[in-house]
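Participant: Pasting a structure below so you can have a look.
The values are calculated or read from the model by the stated rules, or taken from the named source; none is laboratory data. Given the structure is predicted, the values throughout are model-derived calculations rather than measurements. Every residue, glycine among them, receives a Cβ derived from its backbone with ideal geometry; neighbour counts consider all protein chains shown. In case anyone asks, the SASA skips ligands and DNA or RNA and just uses the protein heavy atoms, side chains included. Shrake-Rupley method; radii C 1.70, N 1.55, O 1.52, S 1.80 Å.
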Amino acid sequence: LIHMGLAYSQQYRYNLAMESYLEAKRIAESVNSPRLTSWVYHVIGGLYLEMRNIDLARDFLTRALDIRQKSDNMNDIAASMNSLALVLWLQGELDTALNYLFKALEIEKSADNTDGISRHVTTLVLYIMKKKNMRNHCHTCTWHWR
């Protein structure tokens, strides 16, 4: 069901993707599988992010991260931190987003995951440049910095 939802999402068939994810969520919760439940929450959060429903994206990605932090699967934790960082960035919380990205980078470094390291370093550079540009263009705008 999750893979089916991912395929629907790639086809921009969001209603069908969500139907698949919600059925997967029901099953994951009924069998009491934290790993499966966190994966479903993560993909639902990703779909909401793609649909630009930032509040629901943050809710589901936060739920996924909360579950994943109780496990020892560092790759899943880093993935959730990375996705949540994007949501926080879109909500204007750049400092918190950067914090999550640095934590995800540390996880990737400890696992010696060169692909993950390069992905997070690239993302960090983009965030830092965005933050610098916002400060340079918004000298009197304090509403950007919550």
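Participant: Can you give the FRET efficiency to the nearest 0.05 for PHE102 and TYR14, using r as the Cβ-Cβ distance and R₀ = 35 Å?
Facilitator: 0.65
Participant: Which lysines have a Cα less than 22 Å from the Cα of LYS109, not counting those fewer than 8 places away in the same chain?
Facilitator: Reachable lysines: LYS70.
Participant: Of (1) 0.95; (2) 1.01; (3) 0.99, which one was derived for Rg/Rh (Cα atoms, Kirkwood Rh) from the structure shown?
Facilitator: Derived directly from the coordinates: (2).
Participant: As a test of the formula, what do you get for the chain when each DSSP H run with n ≥ 4 contributes -39,500 (n - 2.57) and the sum is divided by the residue count, at 222 nm and rounded to the nearest 500 deg cm²/dmol?
Facilitator: -26500 deg cm²/dmol
Participant: Once label points are set 7 Å from the Cα along Cα→Cβ at both SER33 and ASN113, what is their separation, rounded to one decimal in nm?
Facilitator: If labels sit at SER33 and ASN113, their model points lie 2.0 nm apart.
Participant: On to the next question. Please report the carbon-and-sulfur percent of the accessible area for the chain; probe 1.4 Å, protein heavy atoms only, DNA, RNA and ligands left out.
Facilitator: That share works out to 54 percent.
Participant: Okay, next question. If you find the alpha carbon centre of region 36-63 and of region 65-108, how far apart are they in angstrom?
Facilitator: What the calculation gives is 13 Å, centre to centre.
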